[in-house]
1. Can you tell me which of Ser1061, Ser970, Ser995 is of a type in the set (Gly, Ala, Ser), in contact (Cβ under 8 Å) with a residue 40 or more places away in the chain and out of contact with any Asp or Glu (no Cβ under 6 Å at 6 or more places or on another chain)?
2. In segment 641-654, which residues are modelled with pLDDT of 85 or more and not hydrophobic (A, V, I, L, M, F, W, C)?
3. I'd like to check which helices (runs of 4 or more DSSP H) are fully inside segment 368-457 and have at least 3 residues that are open to solvent by less than 10 Å² (accessible area, probe 1.4 Å).
4. I'd like to check something: does segment 397-416 contain any residue that is touching a helix residue (DSSP H, G or I) at 6+ places or on another chain (Cβ under 9 Å), within 30 Å of Leu645 (Cα to Cα) and in contact (Cβ under 8 Å) with a residue 40 or more places away in the chain?
5. Which residues, counting only those in segment 130-163, are at pLDDT below 75, open to solvent by less than 60 Å² (accessible area, probe 1.4 Å) and not in a helix (DSSP H, G or I)?
6. Are there any pairs with C-beta distances below 8 angstrom linking a residue in segment 930-956 that is touching a residue at least 24 places away in the same chain (Cβ under 8 Å) to a residue that is outside any helix (DSSP H, G or I) and open to solvent by 50 Å² or more (accessible area, probe 1.4 Å), with the two at least 6 apart or on different chains, and if so which?
7. Among the residues of segment 91-106, are any open to solvent by 70 Å² or more (accessible area, probe 1.4 Å), among the basic types (Lys, Arg) and assigned to a helix (DSSP H, G or I)?
8. If I filter segment 925-942 down to residues being over 27 Å from the mean Cα position of the chain (by Cα) and open to solvent by 70 Å² or more (accessible area, probe 1.4 Å), which single residue comes out as nearest to Gly357 (Cα to Cα)?
Amino acid sequence: MAANQEQFHLLLNTLLSTDNTIRSGAEDTYNNLPVGSKVTYLLAALHNATMSEEAKQMAAVLLRRVFSSEFLEFYPKLPPDDQKVLKEQVLLAVQQEQSESIRKKVCDMAAEVARNLIDDDGNNQWPEFLNFLFQCSNSPLPQMKESALRMFTVGKGRKKIGESVTATLVAVGGTVIVLAIGEIVTDGSLNIDFRAVQVVERVGGATCASAEERYKDQLNREAQQTVVLESVEKQDDDALLKCLIDLSETTPKFLRMQLDAILELCMKIVSNEDMPDSWRHLALEVIVTMSETAPAMLRKVGAKYIPLLVPIILKMMTDIEDEPDWSISDEIVDEDNDSNTVVAESALDRLACGLGGKTIMPLIEQNIPSMLANTDWKYRHAALMALSAVGEGCHKQMETSLPQIMNGVLNFLGDPHPRVRYASCNAIGQMSTDFAPVFEKKFHDRVVPGLLMVLDDNDNPRVQAHAGNPVSLGKVVVASDLQSTSKSTIVRHTKEAAVALGKIFKLKMKEAREPSRTTKQKPNKFELVDNNCLDLSSGLSDLEEVVRLLSEERDFDTSDDPLLEDIKLLKCVCDELQSNDYILVKVPGGKRGKLVEKGTKLVLEQVVTTIASVADTSEEQFVAYYDRLMPCLKYIISNANTEDLKMLRGKAIECVSLIGLAVGAEKFMRDASEVMDMLLKTQTEGGDLPDDDPQTSYLISAWARICKILGKQFEQYLPLVMGPVMKAASMKPEVALLDNDDMQGVEGDLDWQFVSLGEQQNFGIKTSAALYLGDSSYFLRSNGPLVASAMTTAECLEDKASACEMLVCYARELKDGFADYAETVVKLMVPMLKFYFHDGVRTAAAESLPYLLDCGKIKGPEYLQGMWNYIYPELLKAIDTEPENEVLAEHMYSLAKCIETLGNGCLTEAAMAELLKILNKLMLEHFNKAVARQEKRKDEDYDEVVEEQLANEDDEDVYILSKIADIIHSLFLSYKSDFFPYFDQIVNHFVKCLSPEMPWSDHQWALCIFDDVIEYGGPNCVKYQQHFLGPLLSYLSDEKAEVRQAAVYGWGALAQFGGESFAAVCAEAVPRLVKIITDPESRTIENINPTENAISAITKILKYNSSRLNVQELLPHWLSWLPVWEDMDEAPHVYGYLCDLIEANHPLVLGNNHENLPKLIAIIAEAFARDAINVDHTEAKRMISLIRQVQGNENMFQACIGQLSVEQQQALHEVLSGTN
């Protein structure tokens, strides 16, 4: 044993070698050791006084890693005595270690053991550790006090990635520990005081909202504040500020008693421009975080500080450099995320969203005017960017003041400084999004001319491009045409925009073909990229003349084409692109300086994007301009092959696919093959594109759009496109979990971004594009810099999400044609249900599953069952653990669709039990959250803004409740009454939802669930009648239309599926249903759905369960309620019954001598005119057949037709001619 230990000591020293080869061999040797041996040898090394300090540090770090990742592999297998010895040795190592640096790592290792010995229910299995902490905190030795505090705080830091020792310690130790630590705060040693304050603050995080009340008498507030102030003055450790951020995020109420002092401290830091920016940002983050987590408390307690804070933030936004080449740069580089400008703008946005417009907007109105009047451009720029930032949070307040705000913003489109003009364009674009469609309707007449003026700014192409951005110019022009009723306004906007875009294109084309002035070549002597290029010496057409011809009154007719003039403004662009290939020519010698120098490329990229935006908006209206535009875009795709034109090529790819989607398969088909060949050529000729190539995401999205267009015909391309799509979808970020000590070697690495998880713990994610394809795991970074990449993690993750969405598209569109890829894609998607780095990835993964099951059906039941067996355990786990409600809803909907796809028996008994357990948990959470919201309404800081937030929370919970209803619907749809024994286990939740005191949304969804009980349970639903009959009847008169609709649908289902035993209660419901239908407001927008469902319910009672009704008395009334048109699901029932009566020659319906025929024909004609029923539906065909029978009697038919409106006559003509 001793010999082995000695060999291990040598191995430890070898692991410290600077020789990579030697160290790698040692790492292999170490990794091959059994876990138990590692623990034994490493603990022995820690207790060996002869070991070097470096070797002991290495032993502590390695031991902690073993405990972090492999603890459960070896510890439970140890005999109890050996477990006891191990824990004793760990604590002894803490006591005996004299070196401060080693002791820190040993403390971290001990805390890791303690963390692992807390079970899933929070029970502490190592009480000796708690006693040890208490003894250390009372020790006369400063190092022991600090060790106790370190282990305490490290436990909290680990909470973000696992169970926390802190929570259990506080739960078990309670006031005793807090008292001990409270005394340590006044120890006198700043290091110890510092850590003690951290622990006190950690108590807040561990004990939630009750901590303040529970420990207020034991916590020395004044001493804590003194320590924090000393920490700030020394500026040597910002951990306490970070603690305040943590507490502000997790348990802000804990800080309420000292909030005034905290805010005063933070304001002192933020306002001090001599402080390091990082400290100012942290102090600002404390306040901003609190505005998000406890806005009501901040509004009330910190009311005096917010008016002081906003001007400071606005001043920080002026900290921006005046870069000489900014306005002509083609490459847009995002601002540094750590700059004052970015931090302040983000803070203002978050403050507005957190505190609300009533608090922030008056401060904006108070400060912005003076900034806009400032002679320093930076203040004007900051003011305009501030208006952009607060739009979301101050939406209601800004909407009422939009005319005054726009008066100011529009003035700065002509500001002397280009960055102010840019900020003005940005504000317009942002407000057009935040306040759509009101903004476009009210201000298009002023915004469009203003932006067109900026489009003439040829000396500042970056500003020029921003003015032509679809979010600003394109969106406003298109929306103004849709909103405007004035033909002259449309003509004027179109002509103005066409002239402006024409001039820009003419100028940029000229710039693009100009050789660099550093060469002596003549301007028109170019070397062409392609032999098919047109002769460039043939001059440009006069674009103004083109515009004049386009807008001549004799050619203008928008009666059938409301977007015609918006598309016409692009024709001048089409002419330029079609007749001038010089975008893609080069000067001999390959010099292209002028293109980049003057910002031409940026403007061209923006114009192509604008074309794509208009095509996407105008859809089939774009067909008339397809032939002129497509050739030039194909030319760009074919020839824009140089590095600096990749983005232009990518945007052209996007544009082509959007145009194809807009015009449809019939028009695009002739170019589809050529376009696909060009896109695939990128992959096949040059090999795989680099991960950071901007074309990749455009290609992947374009393939999916073309798949939608081609349908089954796209299958031939799958072998070529699936490789790149799967590669992008498979990307996984490298992550690291580092101690603060380990951070010292990597903090300057540009490839990584780190987020503090609390004391001693930092989560890192690689920000370069080189995402690897292996399994993601936590690891400790090795030394050595990595090569920085231009692509950020956010971009990589967006591309990954986009690729996943494209796989969803292929599975959905191609169905069994995608079957050969289904298994591979399922194995990719299922693990990504827990890809917590990006919500979109998890959403796409869930969305794909029912489509992939559908694809797999062609391979037989055994294959399908194997696929489902792989899916459902992980899908259930994902539903159980998903933290985001929006994503959780997608997971639940995916499960519902999977069950519908597979049908009865798809869930094993174990799976069904697990699902019911999850549904039970979700329903309990639903009720508990409702109670919690009621408690928040009693809070001392409650106000109307809080009420708005509570309403939003309620909406989220109701959405989850609707997804619970979806899952139950799928189970009843698949299992029918076989689901009853399982439903019995959760039925009480929905009975509770029907109680009168519950919210109306609970009533609605519980009624929907019992509607399914009736519809799919049939006569067997009688076992639940005591639960649903009373509510179905009483909620027919509910004030909420949604509740009434759910109730009336239930009566229709009961009549159709419940059987004769429910005939009496159906008859009892009819008067109440009639009351709904005959109400004077029954056909208003908010009431029409329950009204038509009531008509349908009575229809079903008449048809299926009328034994207790006087049908003859009710029929004339029923006929007077027709037509129905809003609910396409219920309309077939109504019109089917009408056909039954007509075909039976029912005298009450046809009348004497068929006198009611004109009315019946009018009902049918109105149904078709309003698209109430699909013409391919069986009942629609019966309706058409009846009309044909009447058509056989020419005189009668003409008499009927003569009483119809033009729209009704046209509708009949279309359905009759369509069935010839």
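The values are calculated or read from the model by the stated rules, or taken from the named source; none is laboratory data. Owing to the predicted nature of the structure, the values given are computational and were not obtained by experimental measurement. Every residue, glycine among them, receives a Cβ derived from its backbone with ideal geometry; neighbour counts consider all protein chains shown. Only protein heavy atoms, including side chains, enter the accessible area calculation; ligands, DNA and RNA are left aside. Shrake-Rupley method; radii C 1.70, N 1.55, O 1.52, S 1.80 Å.
1. Ser1061
2. Once the filter is applied, which keeps residues that are modelled with pLDDT of 85 or more and not hydrophobic (A, V, I, L, M, F, W, C), segment 641-654 yields Arg649, Gly650, Lys651, Glu654.
3. Here the list reads 377-389, 402-411, 418-434, 438-454.
4. yes
5. Narrowing segment 130-163 to residues at pLDDT below 75: 149, 152-163.
Now drop any that are not open to solvent by less than 60 Å² (accessible area, probe 1.4 Å), which leaves 149, 152-158, 161-162.
If the condition is that a residue be at pLDDT below 75, open to solvent by less than 60 Å² (accessible area, probe 1.4 Å) and not in a helix (DSSP H, G or I), then Ile161, Gly162 are the ones that fit.
6. So the pair list comes out as Ala930/Pro999; Val946/Arg937; Val946/Asp939; Asp954/Pro999.
7. Looking for residues that are open to solvent by 70 Å² or more (accessible area, probe 1.4 Å), among the basic types (Lys, Arg) and assigned to a helix (DSSP H, G or I), one finds none in segment 91-106, hence no.
8. Tyr942
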